[in-house]
Ligand code: SF4
């Protein structure tokens with residue numbers, strides 16, 4: 001036999017349950033929407049991170065002028081023999097197109113003489 005206190009508690013539970021269900025549905029919908037947005041934004045974040053690191057890497061290179069880059073060799077030193085040269089026409093340290101016959105003050109021979 002159900003006592004009066006149990007009946008009141010059960011009634012309160014039923015009232016709360018209905019109200020909470022509504023709240024839970026709203027919260028679940030908001031949570032799913034947030035998760036969906038988060039999932040959609042993941043590729044965007046990954047691409048922008050890669051793009052930024054690529055930009056940061058490119059910005060680490062120095063312009064030609066400060067390192068006195070020239071298109072001709074100097075004293076038997078040229079880019080094709082430099083440790084920093086990246087064939088066919090790039091450099092790990094200097095920006096822009098680099099001639100294999102070029103030279104700059106950052107020259108380091110591939111093999112020490
Ligand atoms: S000489 Fe200068 S520009 Fe040429 S590869 Fe070496 S560091 Fe780069």
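Suppose the filter is more than 9 Å from the ligand (Cβ to nearest atom) and at pLDDT 95 or above; does residue 97 pass it?
Yes; evaluated as a whole, the condition is true for this residue.
It is to be established whether one or more residues within the range 61-76 are at pLDDT below 95 and either more than 14 Å from residue 103 (Cα to Cα) or not assigned by TED's automatic domain parsing to the domain that holds residue 104 (or both).
no
Quick one: count up the residues across the range 101-113 that are assigned to a loop (DSSP other than H, G, I, E, B) and either within 9 Å of the ligand (Cβ to nearest atom) or in contact (Cβ under 8 Å) with a residue 60 or more places away in the chain (or both). Give the steps one after another, and end with the answer.
So the first thing to find is which residues in the range 101-113 are assigned to a loop (DSSP other than H, G, I, E, B), and the list is 101-102, 104-108, 110-113.
Next, from what is left, pick out any that are either within 9 Å of the ligand (Cβ to nearest atom) or in contact (Cβ under 8 Å) with a residue 60 or more places away in the chain (or both): 102, 104-108.
Residues that pass the stated criteria total 6.
Looking at (1) in a loop (DSSP other than H, G, I, E, B); (2) at pLDDT below 95; (3) surrounded by 10 or more Cβ atoms within 10 Å (Cβ to Cβ), which is the only condition residue 36 fails?
Only one criterion is unmet by residue 36, namely (1).
Being within 16 Å of the ligand (Cβ to nearest atom) and modelled with pLDDT under 75 is the requirement here; does residue 58 meet it?
Yes, satisfied.
Which pairs do you get when a residue that is under 12 Å from residue 64 (Cβ atoms), found in the range 79-100, comes within reach of a residue that is at pLDDT below 95, reach meaning Cβ atoms under 8 angstrom, with the pair 6+ apart or on two chains?
95/58
Of the residues in the range 70-91, how many are touching a helix residue (DSSP H, G or I) at 6+ places or on another chain (Cβ under 9 Å) and within 7 Å of the ligand (Cβ to nearest atom)?
Selection size over the range 70-91: 2.
The values are calculated or read from the model by the stated rules, or taken from the named source; none is laboratory data. Keep in mind that what you see is a predicted model, and the values were worked out from it rather than measured. Every residue, glycine among them, receives a Cβ derived from its backbone with ideal geometry; neighbour counts consider all protein chains shown.
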